[in-house]
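What follows draws every value from the coordinates through simple rules; no lab data is involved. The model shown is predicted, which means the values in this text are computed figures rather than measured ones. Methodologically, a virtual Cβ is constructed for each residue, glycine included, from the backbone with ideal geometry; neighbour enumeration extends over all protein chains shown.
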Amino acid sequence: QKEVEQNSGPLSVPEGAIASLNCTYSDRGSQSFFWYRQYSGKSPELIMFIYSNGDKEDGRFTAQLNKASQYVSLLIRDSQPSDSATYLCAVRGYNKLIFGAGTRLAVHP
Amino acid sequence: DAGVIQSPRHEVTEMGQEVTLRCKPISGHDYLFWYRQTMMRGLELLIYFNNNVPIDDSGMPEDRFSAKMPNASFSTLKIQPSEPRDSAVYFCASSLGLAGGDEQFFGPGTRLTVL
């Protein structure tokens, strides 16, 4: 079992819809969880992080964490074509970030 | 701040040659990370430094890979001899710390092709 698992996609959503990206992790001791966005040919950039159970909102983005289920998600409201990218889930364990393989999101007009 | 700087941006070399990748972290960041990204394996941590000292190199694939950080503003990742399977994008990242929300800022990456 991979330490951090994501559906590779592509996840295709129409413009204006809600995109839901999911991530599961194997280490119950993990404390911090990150979502990075990576445009094709570019480097990853942090969208947001979460370390408490529940929801954390930042603009159109909401991260959700459920430690009991070892599950992290990212919701993107009012999806725009500019949101089309690969979204990487990362989990901090033993001072290292472990990245999932990423989910490719395609927002079509 | 200019962000994390990497050079070269692209490198094409032949199998058996030595390759050196360079990184300048963001000033004031105490941590520096080297990652490798491939389609097959995703983004993998190779090694990270704290205050110029290597802390964890468990991700370095084999002895052909070595990394140094002679001072707070410069690090190198060397592959000698290079092999076609080393072809990947290599990212350098830096952060202030390792606390919960300390963000890792990534450089633009070096795309390495070994023929």
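Odds and ends about this structure:
- Among the listed pairs A:Lys2/A:Lys42; A:Lys67/B:Lys68; A:Lys56/A:Lys96, a Cα-Cα separation exceeding 30 Å is found for A:Lys67/B:Lys68.
- Compactness of region B:18-96 - radius of gyration and Dmax, Cα, Å: 12.0, 36
- Per-residue shielding of B:98-109, expressed as the average number of other chain Cβ atoms within 10 Å of the residue Cβ, stands at 5.
- DSSP bridge orientation in chain A - percent antiparallel, rounded to nearest 5: 90 percent
- Dipole magnitude of the protein assembly as shown, debye to nearest 20 (Cβ charges: Lys/Arg +1, Asp/Glu -1, about Cα centre): 100 debye
- Dipole magnitude of chain A about its Cα centre (Cβ charges: Lys, Arg +1; Asp, Glu -1), debye to nearest 20: 280 debye
- Kirkwood-type radius of region B:63-115, with distances r between different C-alpha atoms, in Å: 13.0 Å
- Cα-only Debye scattering, the protein assembly as shown: base-10 log of I(q)/I(0) at q = 0.10, 0.13 Å⁻¹: -0.46, -0.77
- Neighbouring Cβ atoms from other chains, within 10 Å of the Cβ of residues in A:10-21, number 0 on average.
- GNM flexibility winner over chain B from B:Val12, B:Val89, B:Val53 (Cα, springs under 10 Å): B:Val12
- Net charge over other residues, Cβ less than 15 angstrom from the Cβ of A:Ala101 (K, R count +1; D, E count -1): +2
- In terms of packing, defined here as the mean over residues of other Cβ atoms within 10 angstrom, the peptides B:104-113, A:32-41, A:55-64 line up highest first as B:104-113, A:32-41, A:55-64.
- For region A:42-109, the Kirkwood radius over C-alpha pairs fed into Stokes-Einstein at 37 °C and 0.692 mPa s yields D = 249 µm² per second.
- Summary of the geometry: region B:25-75 and region A:66-81, compared by the centres of their Cα atoms, lie 29 Å apart.
- Compactness of region A:1-94 was expressed as the Cα radius of gyration divided by 2.2 N^0.38 Å, which yields 1.05.
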